[in-house]
């Protein structure tokens, strides 16, 4: 009489289940990286294009923030949801391969999960709306020499017959009008309008949009760094896509 020993006992099944769940978790991380880094890489490529143009580019603060939000959309949505899942203590059941315990925990804490997700969405959407409203009086100029831009802005005020005084980054004409932030290395200027005279802001914006195309851009070191970041992000995206295809092929 021969005795046969099965190699598919519970002691071997559980480690195999843990390996499968760990593999699934890695695939989820790769999927999160694809959804997060792909729009971010496109955003960096767009910034690279702006910083390599022959003439400077002027954008409204709202549109500039909308582009930034589009580039970070994957991190905000997918990455934020994944972070909430990771900090949830019940994820340890999934990592241990205990699906039944995870289902029981979800049944007991479904309301908590729903409220947490709703609060996260409210904070994100509310923050985006408030930021868009705050940046309506903001102008962003890319690939411009800050000193040359200040000269152009001063000439516009002179043409309009408005005497201005500079107090650090603040430009004053009786009352504070605007705040100017400049980046020498990034060749970027941000104009924040602090006055309540919206008509004057619209006139200044109109004159700036007419004068900016006559200015010359230059060799922008920031464009190289942005291109490097975009290429690195795209390489990671391609690598994660290969892992996803390989992982899905193994599951068939």
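The values are calculated or read from the model by the stated rules, or taken from the named source; none is laboratory data. As the structure is a prediction and not an experimental result, all values here were calculated from the model. No Cβ is skipped: glycine too gets one built from the backbone with ideal geometry, and neighbour counts run over all protein chains shown.
For every residue, the table says whether it meets (1) assigned by TED's automatic domain parsing to the domain that holds residue 55; (2) part of a helix (DSSP H, G or I).
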| site | (1), (2) |
| --- | --- |
| 115 | yes, yes |
| 125 | yes, yes |
| 155 | no, yes |
| 192 | no, no |
| 200 | no, yes |
| 205 | no, yes |
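As a summary of the residue check, residue 185 satisfies the conditions (1) surrounded by 13 or more Cβ atoms within 10 Å (Cβ to Cβ); (2) modelled with pLDDT under 90 except for the one numbered (1).
Just one residue in the set 91, 76, 34 is closer than 29 Å to residue 239 by Cα and at pLDDT 90 or above; that residue is 34.
Considering region 204-237 alone, what residues qualify as being under 30 Å from residue 23 (Cα atoms) and surrounded by fewer than 13 Cβ atoms within 10 Å (Cβ to Cβ)?
Here is the first cut: in region 204-237, the ones under 30 Å from residue 23 (Cα atoms) are 229-237.
Within region 204-237, just 235 meets the criteria.
Would it be correct to say that residue 159 is within 18 Å of residue 137 (Cα to Cα) and either loosely packed, with under 13 Cβ neighbours inside 10 Å or assigned by TED's automatic domain parsing to the domain that holds residue 131 (or both)?
Values: within 18 Å of residue 137 (Cα to Cα): no; either loosely packed, with under 13 Cβ neighbours inside 10 Å or assigned by TED's automatic domain parsing to the domain that holds residue 131 (or both): yes.
No; evaluated as a whole, the condition is false for this residue.
Within region 168-178, the set of residues being surrounded by 10 or more Cβ atoms within 10 Å (Cβ to Cβ) and farther than 20 Å from residue 206 by Cβ comprises 169, 170, 172, 174, 176.
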